[in-house]
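The structure under discussion appears below in the form of C-alpha cells.
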Amino acid sequence: MHMDRVILHCDLNNFYASVEQKSHPEYDGMPLAVCGNPEARHGIVLAKNMLAKAAGVQTGEAIWMSRKKCPGIVFVPPHYDEYVRYSKEVFSIYTEFTDRVESFGLDECWLDVTGSLRLFGCDGKTLADRIRETVKERTGLTISVGVSFTKVLAKLGSDLKKPDATVVLDREHYMGIIGDMSPSELIMIGKSTSRRLENLGIRTIRALAAADRSMLRDHFGIVADKMSDAARGVETEEVRLYYDKRTPKSVSHGTTTPRDMTTEEDFRIVVYALAELVAMRLRRYGLSAEGVGLTVREAATLHHKSAQCTLPSPTSNASDIAEGAIALLPKLHAFPQPLRAVSVAATRLTDGSVTQLSLFDDEKDEREDKLEKSIDDIRDKYGYKAVKRGLMLGNDLANNLHEDDDFLPFKR
C-alpha cells in the first residue's frame, strides 16, 4: 500500500512583532504593532502581536485606526535585518530535521519529514512538537505547525490553531475537520475565485472536492484541476531541497511617494530610483532581464494599473530598465492627474552571462555596466546614499526608497 508523505508547514507566530518584543522587553504585556514611517506616508500596520490582534488591530490598516481600537498600543518601526537574522536561525534549526525545507517568505516554510520519521523514531505530530520546542528553546520565538500529507493541507493546518500549536490533518479525518470551511481557506483560492465558486453553489471545501471537474474547467480553465486536487488532498509537487539554487521569476521594487507625483519629471525621478534598486539586485543575483513591468496607483481612485514590455536585449543596467518602464507610462496614465505609488519590475530573467550582441551599443553598454558595478561597490562600502543620480539631487520624492521598501510583511 502506498504510504502518504508527512509534510509540516511551520509558521512563526506574529513574527515581526515577536522579534520586536524580544528587542524591547519593556513592552512585555502591552499591545504592540510594527508600522511603516508615518512621515513617509507608510503610516500603516505591518504586523501586530496577539494583544493588539485581540483588540481588533489588523495588518494593513492606518495607524490612527489602530490607536482608536487600542488606545494603549505601542508602535515600533520595522528592523528588517533583525527579521532576516532570526529567520535564518530558525530555518537552520529546520534543516537539522530534514534537508527538504522550502521557504514561503521569511516566516513560513514547508518541511517534508517522511524520510526523517524512522531516524527520529516517532510520528509526524511528535516530530512537529519537538521542532516547536527546539525553536522556542533556542530563539524564544513560537511556531504553529500543520501536519498533513500535502503542502496545501499542511499550510491550512498551521492556520487553524495559534499561537504555539500543532494541528494534524490526516487522510482519514481531514475532511471532517475542514470540510465545512470556505474554499478561500485553501492557499491558491483568493476572495474573487471564492465568490465565483459561491455563485456556482460551491460554498465549502467538501463541495469543491465533490464538484464536477469538467464543469470547474469550463468556469476556471487550467486552475480548475489544481483547486479540485487541493480540496481532495491530491498533490504531486515535492517540497524543495533547502540548498537548491533558486532563480527568482522577477525582481521588483515599489514605493508610495511622500507626496503625489503630478508631472512626468516627478515620475521619471522615482522610476530611475526604483530601477537602480532593481538593477542592483539583478547584479547581486547574477541575472539579466529580458522584460520590464510598470505598475502605477492613481491618487484619485487608488486603482492599480499595470503593463509589461520586452526589452531590446537582456540587461542589468538601471537606465535600460528605467527607460523601458517610462515608455510604458502612456498606456497607463496621463498627467497632471496625480499618482500615489509606482512599482518597477524586471521580468523574464536569464542567467547574466547570456547577452545578445548589438553592433553599435556594445562599447557604451560595457562602459555603463562597469560604472554601475563601481557604484555598487561604493554603496556596499559607504551606504546607498553615498552616490546619487544628478536628476535626483534636491528632490524629495526618491530620498528614502531603499530604507524600508524591502520589508514585505503582508500575508500572501
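A few points about this structure:
- Peptides 256-266, 12-22, ordered by how many other C-beta atoms sit within 10 Å of their residues on average, highest first, read 12-22, 256-266.
- Full-stretch length increase - D225, S184 - with 0.36 nm per residue and alpha-carbon distance subtracted: 13.2 nm
- Legend: calculated FRET efficiency, M215 to E238, from the Cβ-Cβ distance at R0 = 25 Å, rounded to 0.05, equals 0.25.
- Positive minus negative residues near H303 (Lys, Arg vs Asp, Glu; Cβ under 11 Å): +2
- Packing rank of 79-89, 97-107, 229-239, where each peptide gets the mean count of other beta carbons within 10 Å, highest leading: 97-107, 229-239, 79-89
- For the listed residue pairs K53/K191; K136/K226; K249/K331; K22/K155, the alpha carbons are over 32 angstrom apart in K136/K226.
- Extension gain for E61 to T126 (0.36 nm times residue separation, less C-alpha to C-alpha distance): 19.6 nm.
- The Cβ shell under 15 Å around L200 holds other residues with a net charge of +3, Lys and Arg each +1, Asp and Glu each -1.
- Taking a Cβ cut-off of under 13 Å around R130, the surrounding Lys, Arg, Asp and Glu residues balance to a net charge of -1, with basic ones at +1 and acidic ones at -1.
- Judged by the mean number of other Cβ atoms found within 10 Å, the most tightly packed of the peptides 296-303, 274-281 leads the ranking 274-281, 296-303.
- Efficiency of FRET from Cβ geometry, K305 and T350, R₀ 25 Å, rounded to 0.05: 0.40
Where a number appears in this text, it was derived from the coordinates with a stated rule and is not lab data. Remember, predicted model here, so these are calculated numbers, not experimental data. All Cβ positions, even for glycine, are placed from backbone atoms using ideal geometry, and neighbour counts span all protein chains on display.
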